[in-house]
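I'd like to ask you about the structure that follows.
The values are calculated or read from the model by the stated rules, or taken from the named source; none is laboratory data. Quick caveat: nothing in here was measured; it's all calculated off a predicted structure. Note: ideal-geometry Cβ built from the backbone for every residue, glycine included; neighbour counts use all protein chains shown. For accessibility, only protein heavy atoms count, side chains too; no ligands or nucleic acids. Shrake-Rupley method; radii C 1.70, N 1.55, O 1.52, S 1.80 Å.
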Protein chains: 2
Amino acid sequence: MKVSLLYSGGKDSSLAAWMLRRLGYEVKLVTVSFGYADFAHYARESALAIAGDGFPRRGLHQLHIAALEALAKESEAIADGTRRDDRVPMPTLSEVQSIEQRYRVAYIAPLRGFGAASIKNLTYRIFNIEYAPSEASKSADYEKEVRAYLKDKGYDVNKIFPSHVQSRVIGYKGENDE
Amino acid sequence: MKVSLLYSGGKDSSLAAWMLRRLGYEVKLVTVSFGYADFAHYARESALAIAGDGFPRRGLHQLHIAALEALAKESEAIADGTRRDDRVPMPTLSEVQSIEQRYRVAYIAPLRGFGAASIKNLTYRIFNIEYAPSEASKSADYEKEVRAYLKDKGYDVNKIFPSHVQSRVIGYKGENDE
């Protein structure tokens, strides 16, 4: 079973990749960026919407859906690192079912059934992680590109995006079932 | 990491057990029945509520929550076989967080991020399954006990519970990552 995973290098999408692999999936990591397929159009649109209402959550949600749709066009199954306790709006059941029906794909969110504490346990058991403020992070989240794009356009991105810590997986502790 | 899984022998809770094991959890299968802890009281109450409004979904939902709470009293982490596309009402986020806070446990629903098609794929890859109408099924779902209890009390259970097919795992196809 093949699955294309929306991948940023952060701990959530890395954990999602590990889980899917453990469950027997053949996982393709896809980092969707402004240069990916016809994603740039949506990304610019969402970036300007974010700048317009100064409220990044809605725009990032739209971007997430657009990224899943870009992935869905070329995959049998798609996945992301969405967690049960995510603070950002996650794909709703109706959005997910709409993507599944329109693109004839299966959508999998392997972390959706896990709460914050369980994710933390799994993550520390499996990975070595580096934390950095989101403006300095090396992870490939499209939030970064949105930020760069808006900065180019002359917006004060630090006013729009609240500063938060982003994670990047820098090592794997190996298979350890205990 | 230890987790107690609400287990019926059906394909969903069996798949949940397999998944948790693959992810490195030490899984304890617990079949909650009328005889389990102080569960009988809730079970009888829900059974009569079901008989009262002739609408099993609400009562079975209450029972599910009561079963999770019974499990939570003696576990660090609890889990069930709830799926994204389940037709019966599943524990809501606020119910889950309430249980987690009151009992200081983590609740895990490993199948929650998987749609019907993905569950089906995984299930057929892993298990040999037997299907039977729910009234004849050998699985240990507490719905069966509720049914038996109401029959004893003189109710026509076939009018209350719509006939449906239940599954039981009768074999394991072995580790196969392809």
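Step by step: find N for the range A:70-124, compute 2.2 N^0.38 Å, then divide the Cα radius of gyration by it. What's the final number?
Values: Rg = 12.6 Å, N = 55, 2.2 N^0.38 = 10.1 Å.
In units of the 2.2 N^0.38 Å rule of thumb, it is 1.25.
Residue by residue through B:101-111, how many Cβ atoms from other chains fall within 10 Å of the Cβ on average?
4
What stretch of chain A, leaving out the sites themselves, is the longest with no trypsin sites (Lys or Arg not before Pro) in a DSSP loop having at most 14 other Cβ atoms within 10 Å? Walk me through the numbers before you get to the answer.
Values: sites that count: A:Lys73, A:Arg87, A:Arg104, A:Lys138, A:Lys153, A:Lys173.
The reported range is A:1-72.
Let me ask something else about it. Rank these by accessible area, largest first, 1.4 Å probe: A:Thr31, A:Thr123. Present the calculation step by step, with values, prior to reporting the outcome.
Working: A:Thr31 60, A:Thr123 5 Å².
Ranked list, largest accessible area first: A:Thr31, A:Thr123.
Also, quick follow-up: Can you give the percent of C-alpha pairs in the range B:18-119 whose distance is more than 15 Å?
The answer is 66 percent, as a whole percent.
Suppose you put the label 7 Å out from Cα in the Cβ direction; list, shortest first and in nm with one decimal, how far B:Ala132 is from each other copy's label.
Sorted ascending, the copy-to-copy spacings read 5.9 nm.
A follow-up question, please. Can you list, shortest first and in nm, the gaps between the label point of B:Ala116 and those of its counterparts in the other copies, using a point 7 Å from Cα in the C-beta direction?
3.4
Across peptide A:23-29, what mean number of C-beta atoms from other chains lies inside 10 Å of a residue's C-beta? Don't skip to the answer; put the middle values down first.
Numbers: counts 12, 9, 4, 2, 0, 0, 0.
If you average over the peptide's residues, the count of other-chain Cβ atoms is 4.
Another one. In the range A:42-178, what percentage of the DSSP-assigned beta bridges are antiparallel, given to the nearest 5?
Bridges in the range A:42-178 are about 70 percent antiparallel.
With N set to the residue count of the protein assembly as shown, report its C-alpha Rg divided by 2.2 N^0.38 Å to two decimal places.
It is 1.09.
If amide hydrogens are placed 1.01 Å from N in the peptide plane, which non-local residues have theirs closer than 5 Å to the one on A:Asp85?
A:Ala116
Kirkwood hydrodynamic radius (Cα pairs, Å) of chain A? Provide the component values of the computation, followed by the final result.
Values: mean 1/r = 0.0595 Å⁻¹.
One decimal place: 16.8 Å for the Kirkwood radius.
I would also like to ask the following. Taking N as the number of residues in the range B:1-58, what value does Rg over Cα atoms divided by 2.2 N^0.38 Å take?
In units of the globular-protein estimate, the range B:1-58 measures up at 1.43.
Give the average, rounded to an integer, of partner chain Cβ atoms located within 10 angstrom of each Cβ in B:10-19.
Counting Cβ atoms of other protein chains within 10 Å of each residue's Cβ and averaging gives 1.
How many percent of the accessible area of the protein assembly as shown is carbon or sulfur, using a 1.4 Å probe? Kindly include the intermediate steps, with their values, before the conclusion.
Numbers: 8570 of 17100 Å².
It is 50 percent, rounded to a whole number.
In the Gaussian network model of chain A, springs joining C-alpha atoms below 10 Å, which of A:Ser98, A:Ser13, A:Ser75 carries the largest mean-square fluctuation?
A:Ser98
What are the distances, in nm and sorted shortest first, from the label point of B:Asp156 to the label points of the same position in each other copy, with each label point placed 7 Å from Cα along the Cα-to-Cβ direction?
7.3
Of the cross-linked pairs A:Lys73/B:Lys173; A:Lys120/B:Lys120; A:Lys28/A:Lys73; A:Lys11/A:Lys173; B:Lys11/B:Lys144; B:Lys28/B:Lys151, which ones have a Cα-Cα span greater than 22 Å in the structure shown?
Those over the limit are A:Lys73/B:Lys173; A:Lys120/B:Lys120; B:Lys28/B:Lys151.
Right, here's the next one. Once label points are set 7 Å from the Cα along Cα→Cβ at both A:Arg125 and B:Phe55, what is their separation, rounded to one decimal in nm?
4.1 nm
Moving on. With the cut-off at 11 Å, report for the range B:45-86 the share of all Cα pairs above it, as a whole percent. Numbers along the way, then the final one.
On the way: 582 of 861 pairs.
Percent of Cα pairs beyond 11 Å in the range B:45-86: 68.
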